[in-house]
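J.: Pasting a structure below so you can have a look.
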Amino acid sequence: MATFIPMHIENLKIFRDLVDNESFSKAAKLNAITQSAVSQQLRSMEKHFNVLIVDRSQKQFRLTREGRSLYEAAKDILNRYEQVGSEMQEMRKVVSGTVHISTIVSIGLHELPPHVKSFMQEFPHVNVRVEYRRSNLVYEDVISNAVDFGLVAFPQKTRQVEIIPLMEDQLVAICSPKHKLAAKKEIDLSDLQGGKFIGFDQDIPTRKALDQFFREQRIELEPSMEFDNIETLKRAVEVDAGVALVPEGTIRQEVEQGTLVMLRLRDRRVARPLAILHRKGRVLTPAMKRFMTHLMNSAGGKASA
């Protein structure tokens with residue numbers, strides 16, 4: 001008869017993170033342990049239940065039938081455990097802990113700070129941690145449970161991610177004060193043709209949306225320079241390397257300082273939708289619930305049904 005060693009919640013969480021990410025290194029990072037410790041934990045669980053959990057004959061990470069059953073059970077146990085923890089905090093009216101956010105640079109630097117500041121003034125016992133990531137990595141962070149929330153532009157439907165519309169900002173044209181268009185307050189899209197245009201990298205959602213918009217409007221704009229974030233793009237425009245289309249909220253400081261000129265589009269309105277992401281089925285702590293509500297209220301967003 002097998003001798004059963006007690007299983008702890010931490011053991012189940014490591015196993016869940018391993019399966020969710022199909023990566024020993026990511027599971028180790030999420031739990032602040034070494035990869036060898038994750039491997040040792042897996043072997044201990046196999047010994048505990050006297051079954052093979054991972055099919056080691058496969059090159060890719062693949063669970064056995066027993067491993068899949070154990071994974072589903074681990075998820076149920078962890079979900080209930082997290083629900084109980086959240087309920088206990090609600091009953092004690094405790095709002096504390098850390099809210100961990102992964103977001104793109106343009107939102108993290110320009111849209112998020114005033115909302116975080118007002119939230120922390122209202123809930124001083126909650127720490128808000130923000131990481132700046134490329135858009136595709138924000139989704140990975142959310143899916144892997146590395147963060148509580150993601151904030152992105154032009155959200156893409158993903159099976160494991162809940163998308164909550166937050167707000168829209170407007171895209172405007174910007175140029176250097178030395179540029180020939182700088183004397184104008186408004187321009188037509190056609191005014192951009194024939195000149196140097198600066199864009200985001202092709203894999204960035206705002207770039208994809210703009211490419212689609214230009215095709216629909218039959219406007220040919222091929223970027224002469226491409227950048228992976230809003231800050232380096234703005235620096236290129238400031239030295240008169242070309243014109244760009246950017247979210248209005250990201251250039252207020254430069255416009256006030258006179259290093260950039262904002263040009264509204266007279267004939268077209270181009271909106272950039274922003275959204276909150278969290279993993280489907282995730283239990284939200286009181287701090288996470290309050291943060292999401294605060295962010296939506298202060299940003300003027302509306303929750304989806």
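The values are calculated or read from the model by the stated rules, or taken from the named source; none is laboratory data. Note that this is a predicted model, so its numbers are computed, not measured. Counting neighbours? That spans all protein chains shown, and the Cβs are built from the backbone with ideal geometry, glycine included.
J.: Scan the range 170-213 residue by residue and report those that are surrounded by fewer than 20 Cβ atoms within 10 Å (Cβ to Cβ), of a type in the set (A, V, I, L, M) and more than 18 Å from residue 152 (Cα to Cα).
T.: 181, 182, 183, 187, 189
J.: I'd like to verify a number: residues in the range 94-114 that are assigned to a strand (DSSP E or B) and among the small types (Gly, Ala, Ser), how many?
T.: Selection size over the range 94-114: 2.
J.: Turning to a different aspect of this structure: Every residue in the range 12-28 that is surrounded by fewer than 17 Cβ atoms within 10 Å (Cβ to Cβ) and assigned to a helix (DSSP H, G or I), please.
T.: Correct list: 25 only.
J.: Condition first: assigned to a helix (DSSP H, G or I) and in contact (Cβ under 8 Å) with a residue 60 or more places away in the chain. Now tell me which residues in the range 115-133 satisfy that.
T.: 115, 118, 119, 122 - these are the residues of the range 115-133 that are assigned to a helix (DSSP H, G or I) and in contact (Cβ under 8 Å) with a residue 60 or more places away in the chain.
J.: Does residue 249 count as of a type in the set (Gly, Ala, Ser) and in contact with a helix residue (DSSP H, G or I) (Cβ under 9 Å, 6 or more places away or on another chain)?
T.: yes
J.: If you don't mind, another one. Across the range 137-169, what is the number of residues that are of a type in the set (S, T, N, Q) and loosely packed, with under 15 Cβ neighbours inside 10 Å?
T.: Matching residues across the range 137-169 total 3.
J.: Right, another one. Going by the conditions given, is residue 230 closer than 20 Å to residue 105 by Cβ and within 23 Å of the chain's Cα centre (by Cα)?
T.: So residue 230 passes the test.
J.: Return only the number of the condition from (1) modelled with pLDDT of 95 or more; (2) part of a strand (DSSP E or B) that residue 254 does not satisfy.
T.: Result: residue 254 fails condition (2) only.
J.: Additional query: From the list 279, 272, 264, which one is at pLDDT 90 or above, more than 30 Å from residue 198 (Cβ to Cβ) and among the charged types (D, E, K, R)?
T.: 279
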